[in-house]
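The values are calculated or read from the model by the stated rules, or taken from the named source; none is laboratory data. Everything quoted here is computed from the prediction, not taken from an experiment. Here the Cβ positions follow ideal geometry from the backbone for every residue, glycine too, while neighbour counts run over all protein chains shown.
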Amino acid sequence: MQSFDENEEKRNLKRTRSASLCDMPVTDSTAAQTLNDRILFPVEEIVQSPLPGYVAPTSISFSPDDSLITYLFSPDHSLTRKVYAFDLKNSKQELFFSPPDGGLDESNISPEEKLRRERSRERGLGVTRYEWVKMSSKKKAIMVPLPGGIYFQEFSTSKPQLKLFSTPTSPIIDPHLSPDGTMLAYVRDSELHVLNLLDSEPKQLTYGANGNTVTHGLAEYIAQEEMDRKNGYWWSLDNKFIAFTQVDSSEMPLFRIMHQGKSSVGLEEQEDHAYPFAGALNAKVRLGVVPVAGGPITWMDLLCGGTYETNNEEEYLARVNWMHGNILIAQVLNRSHSKLKILKYNIKTGQKKVVLVEEQNTWINLHDCFTPLDKSSTKCSGGFIWASERTGFRHLYLYDNNGTCLGPITEGDWMVEQIAGVNEASGLVYFTGTLDGPLECNLYCAELYPDHALQAPVRLTHGKGKHVVVLDHQMHNFVDTYDSLATPPKNLLCSLLDGKVIMPLFEQPFTIPIFKRLQLEPPEIVQIQANDGTVLYGALYKPDESRFGPPPYKTLISVYGGPSVQIVCDSWINSVDMRAQYLRSRGFLVWKLDNRGTARRGLNFEASLKYNTGHIDAEDQLTGAEWLIKQGLAKVGHIGLYGWSYGGYLSAMILARFPDVFRCAASGAPVTSWDGYDTFYTEKYMGLPSENPTGYENSAVMHHVHNLKGRLLLVHGMIDENVHFRHTARLVNALVAAGKPYELLIFPDERHMPRRHRDRIYMEERIWEFIDRNL
């Protein structure tokens, strides 16, 4: 929990008292009550990180022999983490690795690493990741990348060993150990390198990169931001080869971002990004294979991007996998997102063979469920598991090594999310999914080789809510990280046989002090119907009726509404939505709704947004507001909106489209016109601008500002390299042209979401003042 200065709190109170008391008679008792409320729940609580209860261990893994469970943990409940180990033999936790120099902070990393953290939404400090060294030796050791270099730490040895130096001007990017743990691969100065850990000799494997337009071994921007592919190279299973990408952005126009808040000018105060705007060129991406011992590169028969061809069948390199026998697999997606091909490559010749083609009329959702099976398996020699949404819901299917489907492994009106592990010997596959409802996530087990009618999967996790699992190597046990609306995250060691708890690893007190002090209450989850009868899920944060009287209340709708995201679920994250709780503590009703188009409800539910963003999603949010009014919880003229990114876009769109219902909107980092966003995301949902000009025009906020009656607050970071500040600037131009008032809150030195503590507090104060003043 972040501390706050009480004197500063009183000064803040003095600044905002006139706004917070605008609807109440000003008396001494009222002012005193407001002061007590203010001290009870100061605005600083909104921006605390980690959030209350989110102190459980993360990045959990088992040692190669399954005797230790390691994780990142912060004993002081801060963002700064170290590596700890839990010994399963004596049930003791001990510190495994502590950064000699304090580890990562926002000031000691390179610009490239800062951008990678932005794209992965990483806020952790100290140690942010580690890997186990999987060597035949009995020594237990981990590899830990830090800004100062690559460290190796043996268990129960006090001093870590610095194996490789790193500097902000020549940082080591994305280091990964070989499968056998004898070598380390990494990218430095845009080239792929390996370090032999046995003789500590580094070797450069690729040449010809220039750092500006050509890189080797790094994922391009849209792979990191939109495809959930953070890596640009992959170790072969036998440790002898590395597949890698060559990214060439030389033909892409650069988008310049100026650091307008700096006192100096010059090259160091500007950034040039090869940003692929909708309808424009993507970077060229090639796939090569290089021997770890060094030598010539074999280029695969593949060239993604770099063309204006409207339906290029090999536009995006989505995923890369190795199979046994040094067979290289690439998943390649076409530009319209309607066809994905699984290609098998001969790494000696670069020749390819199409193994499988997946096609959808709506779009293909990428996933990480491709799982190669061992060649020694007698039932499916050299085959693989694949996940498809051909039925409208993602399910698992078994394939042989030629790409012939041998049958489904799962089925039904629910979805598989991730494969957690496969036990080929016992013929079982473990996965997480939504069989018990779309608001939950559980671990299940199914038969890998079903030779009869499919049986219902067996659930292995217990308790309603969300379960994130990590299986051990021997397929005996798993760690379950569990949370729900009523339960903060906890870690349990469970049996993979029946799911029974073997022992708790980390549990928090049932009552977290801050929960009681701030009088937090979990939201109520409700169901409503869209105008076509589709069930939608909402979350209600009701004010304390004994303090604020009966409804209706001033209401804020907290909206996201975009694809691939679900915000209403049975998870602790909703109980510690501190902005919602802050507003609730001041007598506001807060409402969240997952409209059609959001995640975890199947492809047909998601596809409601196809070519139509800002319409069905906005109409569902209107339906939610009308439901609140009908229930007597809210009233017309006293309903506002808040959202960020897609939610910022949707909040502004709703305010403009339905001016007689909504009074105000705080719109953060909004995409105001889709022709200004990136190719992959935009064209997946909206198609190409040349093929859907009317859709692009109607989905732009600017197209609707003439209807605007309510008050609009625009919030944006000026060096946002994801949703450029240009979006807000273009909307401001439209507002000026239409003669509509607006308010603007800008952060010259922030990107897609403010990171500096002082900036975040200032932002929340301004947003609260705006909402309170206008509702």
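Quick one: how many residues across segment 196-217 are more than 26 Å from the chain's Cα centre (by Cα), crowded, with 19+ Cβ neighbours inside 10 Å and modelled with pLDDT of 95 or more? Adding up the residues that qualify gives 3. Taken over segment 395-435, the criterion of being in a loop (DSSP other than H, G, I, E, B) and within 12 Å of residue 600 (Cα to Cα) is satisfied by 413, 414, 415, 434, 435.
Scanning for something among the acidic types (Asp, Glu), closer than 30 Å to residue 421 by Cα and modelled with pLDDT under 95, does segment 521-534 turn up at least one residue? So far as segment 521-534 goes, no, none of its residues is among the acidic types (Asp, Glu), closer than 30 Å to residue 421 by Cα and modelled with pLDDT under 95.
Taken together, the criteria exclude residue 158 from residues that are surrounded by fewer than 19 Cβ atoms within 10 Å (Cβ to Cβ) and in the same structural domain as residue 331 (by TED's automatic domain parsing). Candidates are the residues of segment 161-178 that are surrounded by fewer than 17 Cβ atoms within 10 Å (Cβ to Cβ) and outside any strand (DSSP E or B); the one that is modelled with the lowest pLDDT is 168.
Let's see how each residue does on (1) farther than 30 Å from residue 588 by Cα; (2) among the basic types (Lys, Arg); (3) part of a helix (DSSP H, G or I); (4) without any contact (Cβ under 8 Å) to a residue 12 or more places away in the chain:
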{"residue": "675", "(1), (2), (3), (4)": "yes, no, yes, no"}
{"residue": "685", "(1), (2), (3), (4)": "yes, no, yes, no"}
{"residue": "713", "(1), (2), (3), (4)": "no, no, no, no"}
{"residue": "736", "(1), (2), (3), (4)": "yes, no, yes, yes"}
{"residue": "746", "(1), (2), (3), (4)": "no, no, no, no"}
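Does segment 206-216 contain any residue that is within 24 Å of residue 122 (Cβ to Cβ), outside any loop (DSSP other than H, G, I, E, B) and either touching a residue at least 40 places away in the same chain (Cβ under 8 Å) or in the same structural domain as residue 275 (by TED's automatic domain parsing) (or both)? Scanning segment 206-216 turns up at least one residue that is within 24 Å of residue 122 (Cβ to Cβ), outside any loop (DSSP other than H, G, I, E, B) and either touching a residue at least 40 places away in the same chain (Cβ under 8 Å) or in the same structural domain as residue 275 (by TED's automatic domain parsing) (or both).
For segment 301-309, state whether one or more residues are in the same structural domain as residue 232 (by TED's automatic domain parsing), aromatic (Phe, Trp, Tyr) and in contact (Cβ under 8 Å) with a residue 40 or more places away in the chain. Within segment 301-309, none of the residues are in the same structural domain as residue 232 (by TED's automatic domain parsing), aromatic (Phe, Trp, Tyr) and in contact (Cβ under 8 Å) with a residue 40 or more places away in the chain. When residues in segment 254-278 are screened for being more than 29 Å from residue 310 (Cα to Cα), touching a His at 6+ places or on another chain (Cβ under 9 Å) and either in contact (Cβ under 8 Å) with a residue 60 or more places away in the chain or outside the structural domain of residue 224 (by TED's automatic domain parsing) (or both), 1 of them pass. Would you say residue 533 is surrounded by 22 or more Cβ atoms within 10 Å (Cβ to Cβ), free of Cβ contacts under 8 Å to residues at least 40 places away in the same chain and in a loop (DSSP other than H, G, I, E, B)? So residue 533 fails the test. For segment 564-577, the count of residues that are crowded, with 20+ Cβ neighbours inside 10 Å, among the small types (Gly, Ala, Ser) and either farther than 30 Å from residue 479 by Cα or outside the structural domain of residue 663 (by TED's automatic domain parsing) (or both) is zero. Looking at 496, 520, 556, 505, just one residue is surrounded by 19 or more Cβ atoms within 10 Å (Cβ to Cβ), touching a Ser or Thr at 6+ places or on another chain (Cβ under 8 Å) and not polar (S, T, N, Q), and that residue is 520.
Conditions tested, residue by residue: (1) surrounded by 24 or more Cβ atoms within 10 Å (Cβ to Cβ); (2) closer than 19 Å to residue 772 by Cβ; (3) of a type in the set (Gly, Ala, Ser).
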| residue | (1), (2), (3) |
| --- | --- |
| 643 | yes, yes, yes |
| 649 | yes, no, no |
| 658 | no, no, no |
| 662 | yes, yes, no |
| 666 | yes, yes, yes |
| 690 | no, no, yes |
| 711 | no, yes, no |
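Within segment 132-154, can one find any residue that is under 30 Å from the mean Cα position of the chain (by Cα), within 20 Å of residue 102 (Cβ to Cβ) and in a loop (DSSP other than H, G, I, E, B)? Yes. Please find, within segment 434-486, the residue that is nearest to residue 405 (Cα to Cα) out of those that are more than 22 Å from the chain's Cα centre (by Cα) and among the β-branched types (Val, Ile, Thr). Looking at the filtered set, the residue picked out is 458.
Here is the figure for segment 217-273: residues that are part of a strand (DSSP E or B), more than 28 Å from residue 677 (Cβ to Cβ) and of a type in the set (Val, Ile, Thr) total 1.
You will find that of 643, 648, the residue that is part of a helix (DSSP H, G or I) and farther than 23 Å from residue 333 by Cβ is 648 and no other. Pairing each residue of segment 64-86 that is within 16 Å of residue 99 (Cα to Cα) and in contact (Cβ under 8 Å) with a residue 12 or more places away in the chain with any residue that is assigned to a loop (DSSP other than H, G, I, E, B) and charged (D, E, K, R), provided the two are 6+ apart or on different chains, yields C-beta distances under 9 Å for 72/129; 79/123; 80/105; 85/140.
Looking only at segment 621-640, decide whether some residue is touching a helix residue (DSSP H, G or I) at 6+ places or on another chain (Cβ under 6 Å), among the polar types (S, T, N, Q) and buried (at least 20 other Cβ atoms within 10 Å of the Cβ). Scanning segment 621-640 turns up at least one residue that is touching a helix residue (DSSP H, G or I) at 6+ places or on another chain (Cβ under 6 Å), among the polar types (S, T, N, Q) and buried (at least 20 other Cβ atoms within 10 Å of the Cβ). Can you confirm whether residue 614 is surrounded by fewer than 24 Cβ atoms within 10 Å (Cβ to Cβ), at positive phi and not in a helix (DSSP H, G or I)? The answer is no for residue 614. Just checking, which of 261, 232 is crowded, with 21+ Cβ neighbours inside 10 Å and either at pLDDT below 95 or among the small types (Gly, Ala, Ser) (or both)? After applying the criteria, what remains is 232. Residue-level check: of (1) touching a residue at least 24 places away in the same chain (Cβ under 8 Å); (2) in contact with a strand residue (DSSP E or B) (Cβ under 6 Å, 6 or more places away or on another chain), residue 492 misses just (1). If I ask for residues that are outside any strand (DSSP E or B), in contact with a strand residue (DSSP E or B) (Cβ under 6 Å, 6 or more places away or on another chain) and among the small types (Gly, Ala, Ser), which ones from segment 179-205 would you list? Within segment 179-205, 190 is the sole residue that qualifies. Within segment 733-748, can one find any residue that is within 18 Å of residue 278 (Cβ to Cβ) and under 26 Å from the mean Cα position of the chain (by Cα)? Taking every residue of segment 733-748 in turn, none turns out to be within 18 Å of residue 278 (Cβ to Cβ) and under 26 Å from the mean Cα position of the chain (by Cα).
The residues of segment 478-494 that are over 13 Å from residue 60 (Cα atoms) and of a type in the set (S, T, N, Q), listed by number, are 484, 487.
Restricting attention to segment 749-771 and to residues that are over 21 Å from the mean Cα position of the chain (by Cα), of a type in the set (D, E, K, R) and assigned to a helix (DSSP H, G or I), the residue that is surrounded by the fewest Cβ atoms within 10 Å (Cβ to Cβ) turns out to be 758. For residue 225, state whether it is among the acidic types (Asp, Glu), crowded, with 22+ Cβ neighbours inside 10 Å and either farther than 26 Å from residue 317 by Cβ or modelled with pLDDT of 95 or more (or both). No; evaluated as a whole, the condition is false for this residue.
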